[in-house]
1. What whole-number distance in Å separates the alpha-carbon centres of region 356-426 and region 316-342?
2. Can you give the charge dipole size of the chain about its Cα centre, rounded to the nearest 20 debye, using +1 on the beta carbon of Lys and Arg and -1 on the beta carbon of Asp and Glu?
3. With every protein chain present, what is the per residue accessible area of the chain (1.4 Å probe, Å²)?
4. Quote the charge dipole size of region 238-334 about the Cα centre in Debye, to the nearest 20; the model charges only the Cβ of Lys and Arg (+1) and of Asp and Glu (-1).
5. Whose amide H sits under 5 Å from the amide H of LEU206, counting only residues 5 or more places off or on another chain, with H placed in the peptide plane?
6. Once the dipole of region 235-329 is set up with Lys and Arg at +1 and Asp and Glu at -1 on Cβ about the Cα centre, which of LEU323, GLY273, ALA298 lies farthest towards its positive end?
7. Rounded if a/c is under 1.5, else prolate if a/b is larger than b/c, else oblate: which is region 226-282, with a ≥ b ≥ c the root eigenvalues of its Cα gyration tensor?
8. Expressed as a rounded percentage, what relative contact order does the chain have, with Cα pairs under 8 Å and six or more residues apart?
Amino acid sequence: MRRADTTVRHLLLRGDFRRLLVTRLSAQFGDGVFQASLAGTVLFNPQRAAEPIDVAAGFAVLLLPYSVVGPFAGVWLDRWSRRQVLLRANLLRAGLVAVVAALVLAGTAGPPLYAAGLAVFSVTRFVLSALSAGLPHTADEPSLVSANALSTTSGAVATVAGAGVAVALSRLGVAGDAVYAAVALSAALPYLLSAAVVAGFAPGHLGPDADAGPGRLTARDVARGMVTGVRHARARPPVAAALLVIGVHRLCYGVLTLMTLLLHRNRFPDAGGLLPGGLVGLGQTVAAGAVGTLLAAAATPAAVRRLGRRRWTTGLLAGGGALQLALGLPFTPASTVAAGLVLGFVAQGVKICVDTTLQESVDDDLRGRLFSVYDTLVNVAYVTALLVAALLLPRDGASVPALLAVAAGYALAAAGYARATRAHRT
């Protein structure tokens, strides 16, 4: 732990790392506010009543279109100043959330609201890719595991904190479109703060390092660049294995997400008490997941030094699947909160290892497009799981077969990752 503390202190002594960290924290705090406002609008707003298939369809409309075009954005992350990308993207998001807020206030539903939400989500994924691609420019290679642990975990906690603030704000008035519109609009403030902080970087500080040359890119140039990025990943077994692991994890995560939403909305009574249902109970489960991410951030750097990324990742997947089954089966508020804590720990531990693998094993001039492929894989797997779960889960979300499938998925991912990386001790 002394070594881990020294590494974190070393990182925080770097002004550029601190600036990028604050950029991330303010941006992801805004994400939490915006996402919670949408969740409240669709799931817990008495003026609207979405069914499970509607929720899954909403995620599909919001995420899948970006998943088709998102990888192409990675090519620009490898050509444009990532500092400029972060600056302009946060300013754009501030404007877009104002549009979403206006639509919610007007009671708009369906395609117009989905299209506005899609625009915000698309820019958000672009921001997260730029943050990950630029991180190695603010940390030495030996400290990348700690840098990822601190950055991604504190970012996830900032998202949960933003969601908590949004829930608190929504309780200040009678739940309805006007309240959720005001909460959505408040997300613009942290986005503007993020833009102001990242403006302090020099234009080229976050990369890319290579000079991409003048001229505009054609669609064929972009497609060719993406093919190069995929080949780059396939030629590096640890990178390919890491992408496979994150894909399977997100499938399981999607099933558990919809199950948790349905349990809190339709099975657990929203009648007060220590562990209620409804939006407050869902917030408690999300908060437990945030505690899990903090614990993973504290444990992962030391565990990786002691065990290596290969064994730590394999253990997280195998243990996480078993615990989700054991804790999920009672289908009670207390067991669901405990399962949320475990899921947060597993998700963050795996993400830290996957991010570090990509940052260490991928050349800088290809890193942006690889992280966009990564984001696309995350989105497609997540939405696919949500759609399948919406069709198969019962209305109250309590499904033993679904939990068995999740446990089996994690076990298979652990076995596959261990085998694929056997010759690469990391």
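The values are calculated or read from the model by the stated rules, or taken from the named source; none is laboratory data. Keep in mind that this is a model prediction, so the values were computed, not measured. So basically every Cβ, Gly included, is an ideal-geometry build from the backbone, and we count neighbours across all protein chains shown. With ligands, DNA and RNA removed, areas are computed over all heavy atoms of the protein, side chains included. Shrake-Rupley method; radii C 1.70, N 1.55, O 1.52, S 1.80 Å.
1. 18 Å
2. In debye, rounded to 20, the chain gives about 920.
3. It amounts to 41 Å² per residue over the chain.
4. Numbers: 8 positive and 1 negative charges, 94 e Å.
Value, rounded to 20: 460 debye.
5. For LEU206, the qualifying residues are ARG82, ARG83.
6. ALA298
7. Numbers: a/c = 5.09, a/b = 4.59, b/c = 1.11.
Cα axes put region 226-282 in the prolate bin.
8. Normalised by residue count, the contact order of the chain is 29 percent.
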